Amino acid sequence: MPITFRECTFRYRGGDDVIQNLDLAFTSGATVLLGPNGAGKSTLLSLGASALRPQSGGVTFNGLSPWNRKQSAAYRAAVAWLPQKPSFLSGMTCRQHVTYAGWLKGMTQRDASSASGEALERVGLAKQADRKVSELSGGQQQRVAIAQALVHRAKVLLLDEPTVGLDPKQRRSFLQLIASLRDETHVIVSTHDIADISESFSDVVVLHGGKVLFNGPVPSFLAHSGTRIHSERAAEDAYTAVLEGGSR
Ligand SMILES: Nc1ncnc2c1ncn2[C@@H]1O[C@H](COP(=O)(O)OP(=O)(O)OP(=O)(O)O)[C@@H](O)[C@H]1O
């Protein structure tokens with residue numbers, strides 16, 4: 001079973017519910033998470049990453065709960081999270097970062113170190129392995145963050161707006177990387193860039209006001225665009241139609 005939210009409710013201290021009694025089961029493959037500003041996308045991914053704890057209900061992966069003492073280590077080893085603003089430790093090289101991430105997820109230093117080279121190669125950074133992360137471009141830093149998840153063979157990758165700030169070429173190659181991972185890893189990506197989602201993603205979830213307005217395969221989502229399914233604007237039209245339908 002992929003990542004599943006059950007009757008999940010979350011509010012920040014002193015605020016209203018941001019996620020309201022949410023039932024949502026992601027499907028395997030690559031899912032794009034859409035929704036307007038403030039819809040709750042980052043909050044949902046933070047709950048999935050167990051960086052936030054719901055006030056009621058819960059989240060599980062393969063039946064494991066991050067809040068169960070006996071299951072939390074297995075949950076955290078299975079789920080990797082790339083927050084909107086990933087932070088890197090100054091002075092560390094790509095290889096050191098990736099090794100450290102593996103160690104944090106329970107690998108021995110030796111295993112993490114030997115797996116780091118392959119992880120960096122998978123994301124196209126073999127040549128930069130011994131350069132400091134702080135010296136890399138934004139797109140390359142996003143790749144280091146993906147390598148940190150690959151090193152311990154995470155089963156789920158939660159990526160919060162990973163393409164923000166990337167130029168069109170970097171964005172395209174990043175989306176290709178995600179598409180190449182989706183057979184072995186379940187990838188969930190929040191984004192506001194919806195134009196070319198059908199190339200990289202198998203499924204779409206649309207969130208609005210902390211509620212799910214749509215959850216299904218890309219073709220069913222695009223069908224909401226009506227007659228324009230094959231047009232370049234199909235995804236945008238479908239998104240607008242889903243939001244308008246949901247707020248009626
Ligand atoms: N640390 C916080 N403390 C209080 N409220 C917060 C905090 N983080 C987010 N919120 C509120 O929770 C709601 C959902 O925010 P969230 O960042 O999850 O939305 P989002 O869909 O990711 O938005 P965006 O697309 O703008 O990144 C918003 O109303 C936001 O103001």
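In the stretch 10-23, which residues are closer than 23 Å to Tyr239 by Cβ and either of a type in the set (Lys, Arg) or away from the ligand (no atom under 14 Å from the Cβ) (or both)?
Listed by number, the list holds a single entry, Asp23.
Among residues belonging to the stretch 24-43 that are surrounded by 17 or more Cβ atoms within 10 Å (Cβ to Cβ) and near the ligand (Cβ under 7 Å from one of its atoms), point out the one that is farthest from the chain's Cα centre (by Cα).
The qualifying residue farthest from the chain's Cα centre (by Cα) is Ala39.
Could you grab me the full set of residues in the stretch 25-78 that are touching an Asp or Glu at 6+ places or on another chain (Cβ under 6 Å) and assigned to a helix (DSSP H, G or I)?
Passing the criteria: Ser42, Leu45.
Give the stretch 193-213 a look and list any residue that's out of contact with any Phe, Trp or Tyr (no Cβ under 6 Å at 6 or more places or on another chain) and at pLDDT 90 or above, or say none.
Answer for the stretch 193-213, where residues must be out of contact with any Phe, Trp or Tyr (no Cβ under 6 Å at 6 or more places or on another chain) and at pLDDT 90 or above: Phe201, Ser202, Asp203, Val205, Leu207, His208, Gly209, Gly210, Lys211, Val212, Leu213.
From the list Leu47, Leu52, pick out the single residue that is touching a residue at least 40 places away in the same chain (Cβ under 8 Å), within 16 Å of the ligand (Cβ to nearest atom) and surrounded by fewer than 20 Cβ atoms within 10 Å (Cβ to Cβ).
It is Leu52.
Out of Leu159, Leu166, which single residue is within 24 Å of Ala78 (Cβ to Cβ), touching a Phe, Trp or Tyr at 6+ places or on another chain (Cβ under 9 Å) and not in a helix (DSSP H, G or I)?
Leu159
Within the set of pairs 6+ apart or on separate chains, which have a first residue in the stretch 83-106 that is more than 18 Å from Gly117 (Cα to Cα), a second that is of a type in the set (Asp, Glu), and C-beta atoms under 6 Å apart?
What qualifies is Pro83/Asp160; Gln84/Asp160; Gln84/Glu161.
Let's see how each residue does on (1) over 21 Å from Phe5 (Cα atoms); (2) at pLDDT 90 or above; (3) out of contact with any helix residue (DSSP H, G or I) (no Cβ under 9 Å at 6 or more places or on another chain):
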{"residue": "Leu158", "(1), (2), (3)": "no, yes, no"}
{"residue": "Thr163", "(1), (2), (3)": "yes, no, no"}
{"residue": "Phe174", "(1), (2), (3)": "yes, no, no"}
{"residue": "Ser180", "(1), (2), (3)": "yes, no, no"}
{"residue": "Glu184", "(1), (2), (3)": "yes, no, yes"}
{"residue": "Ser220", "(1), (2), (3)": "yes, yes, yes"}
{"residue": "Ser231", "(1), (2), (3)": "yes, no, no"}
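Taking only pairs six or more apart or across chains, which ones have beta-carbon atoms under 6 Å, a first residue in the stretch 186-205 that is closer than 13 Å to Gly29 by Cβ and assigned to a helix (DSSP H, G or I), and a second residue that is away from the ligand (no atom under 16 Å from the Cβ) and among the small types (Gly, Ala, Ser)?
Hits for this filter: Ile197/Ala235; Ser200/Ala179.
The values are calculated or read from the model by the stated rules, or taken from the named source; none is laboratory data. Everything quoted here is computed from the prediction, not taken from an experiment. Positions of Cβ are backbone-derived with ideal geometry, glycine not excepted, and every protein chain shown enters the neighbour counts.
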